[in-house]
Amino acid sequence: MRSPRLAALELRRFGRGKLPRAALVALLVLPLLYGALYLWSFWDPYGRLDRIPVALVNDDQGATAGGKRITAGDDLVDGLRGSRTFEWHRVSDAEARRGVEDGTYYLSLTMPSDFSRRIASSSGDSPRPGALRVRTNDANNYIVGQISRSVFSEVRSAASTKASRTFLDRIFISFSSIHDKTVTAAEGADRLKGGLGKAEKGSKDLADGLKDAKNGSGKLSTGLTKLTKGAGDLEDGSRRVADGTQTLADNVNGVYAKAGPFLKGNEKTIGDTARLVADSADAVRHNLADLVKLAPGAARAAHTSSAVLDEVYKARCERAVVPDPVCPDLKKARQAAADVAEVADDLNTLIADQDGDLKTMRANLGTLQKQARALSARAPHLYEDVDDAVRRIDKLNDGAARVAAGAKKLHAGLGTAETGADKLDQGIGTAATGAQTLNGGMYKLVDGSGKLSGGLHDGAKKIPDYDRQDRDRRTGVMADPVQLASHDLHKAGNYGTGFAPYFIPLSLWVGAMVAYMLITPLNRRALAAGSPAWRIALAGWLPVVAVGVLQTAALMSVLHWAIGLRMVRAAGTVGFLFLVAACFAALVQWLNARFGAAGRILVLALLMLQLTSAGGTYPVQTSPGFFNAIHPFLPMSYIVAALRRLITGGGLGPVWQACAVLAAFTVGALALTALAARRRQVWTLDRLHPELSL
């Protein structure tokens, strides 16, 4: 008899009576207890978090920062209650503590009394982070504690972002204030630069004027030096003339009584003396001419220099809005110039007053020169003219004495004028040097003020000036600079969809396991008839495969239409699960056929190994090394990976790999079952008296 017919006969016996039919129905429905009920129980737990009672405590007393009232606790409470993340209950801190302890609340969230004050401290000298207190109790529920940590991490991030926006908004407002103040400072620097430019021009004009005055005072000093030298020569010459005439007069008068005898013996001496007097008179007469000629010019130069200094002093010190720093030096220079002009006037007046005497002196000197020369010429005849000569010599002596006295007075006056002119020249030189230094300093100030103005303008351009809209946009970015751009390539619709690839093969394994509790793994009729081993294996495998197909159809129908499982590749998922049911049937058949009653225990053990190493909940890499080691060698590892691609989408590489692995396990298990059937055709004592029977 062929294997399909044997399989049909095996299934037909479930129609003989109510109890077999009930057993068949239970066999078909049993996978639903593992697959549908498990998935339904936690199909979307995160969508029902608003049913979890959580205590919310707000002890925040608020704070004030920058003249604005901050109530961070109230704002956070309003946001949480509007989010419907949990079922929030506003209670006191003591009630929250008791509720978390006795299980009334799964956890509590507390805003302390200084919550707003800590957040507001970000704008003060001692910033401190705000602190939220979360109280959990894993004795109530461990998973809720894990969920709360994720949820409250988002709450903390949102609160931090809001506090950061307030803090950064103040920073950007400060930027705008700094920008405005810098622009004002730059405008002030522009005005300073303009004023310093005018001052620099004035200092340059002052330096130029003092330079001209210095040239005039130098000329005056040089002229007066020449006059003083000439007056000194005049004084010396006139003194020598006076001394000579006096000596001459004394000698003439002394020896007048003895003139006759004396003159006879001293003609040559008298002639030489007369020639000396003539030469001296000539020198004095020429120096007097130079003095008269230079005195008016020196007086005019002194007055010109004094007038220039006086005008400069009035312009810089009396009429100027801001007096010049060199005004004290200018005042001294002006006074010195006035003194020199006064001395020059005195000298000029003296010469003018003595003009007659000077003319007389010059005439007398000319006469003296002529008479001296005549005397020299007449020396050999002096005896005859001695009487007349004595009278003239006395008269000449008187005139020479007056000339010497006038020359001395003139020399003294010119010496005073020269000293004053030197002081004037030195004072004007000092003033000119100070003016040059002032001009250089003013130039540096103008240059520095220009750089200051340019720097302030450049700085104002670099300091941002944000309007409210731009400020809000920038504070938003800086308060939350990094955002998670999450893109799920193949998103599972909910928690149950994500776990379906794990629980569906579990239910089919249980279905195959229970099926072989009702259906023998090796067909007795085929064994008794001595059928080939492979036919016996197929006869025991095909009925369970048929049951597995029905189980799969029932399970997927309930999951899809009753619970709401959405599959990207529905037909592929169902077809693949038929292959899974066939593979599981072959594996369970072989364990039962080969090991008998102990095989049922091995079926449970193999199920547990597959569940713990398949990576159906957490990635298998997070499991201990043992489970990572057996992961590649068990069929459910490949089934879970393939069902994820079939249900949620993605590449089909793991699906084809899983199909190949399942086919290999199926063929291998059937071959081993055939080998076990071959052994079962030989009766042994172990078969007649088994050690264990279930």
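So if R0 is 45 Å, what FRET efficiency would residue 660 and residue 622 give, r being the distance between their Cβ atoms, rounded to the nearest 0.05? Display every interim value, and only then the final one.
Values: r = 27 Å, r/R0 = 0.60.
The computed FRET efficiency comes out at 0.95.
Report the local net charge at residue 239: Lys and Arg +1, Asp and Glu -1, summed over other residues whose C-beta lies under 13 Å from its C-beta. Local charge sum for residue 239: 0. For the range 47-116, averaging the sequence separation of C-alpha pairs within contact (under 8 Å, six or more residues apart) and dividing by the residue count gives a relative contact order of 52 percent. The Cβ shell under 12 Å around residue 313 holds other residues with a net charge of +1, Lys and Arg each +1, Asp and Glu each -1. Protection proxy ranking of 499-507, 307-315, 577-585, by the mean of other Cβ atoms within 10 Å over each peptide's residues and highest first, is 577-585, 499-507, 307-315. Using a probe of 1.4 Å, the accessible surface attributed to residue 270 totals some 30 Å² when neighbouring protein chains are kept in position. Counted over all Cα-Cα pairs of the range 568-677, pairs farther apart than 15 Å make up 66 percent.
The values are calculated or read from the model by the stated rules, or taken from the named source; none is laboratory data. It should be emphasised that the depicted structure is a prediction, and the values quoted were computed from it without experimental measurement. Please note: Cβ atoms are built from the backbone with ideal geometry, for glycine as well, and neighbour counts cover all protein chains shown. Side chains included, ligands, DNA and RNA excluded: accessible areas come from the protein's heavy atoms. Shrake-Rupley method; radii C 1.70, N 1.55, O 1.52, S 1.80 Å.
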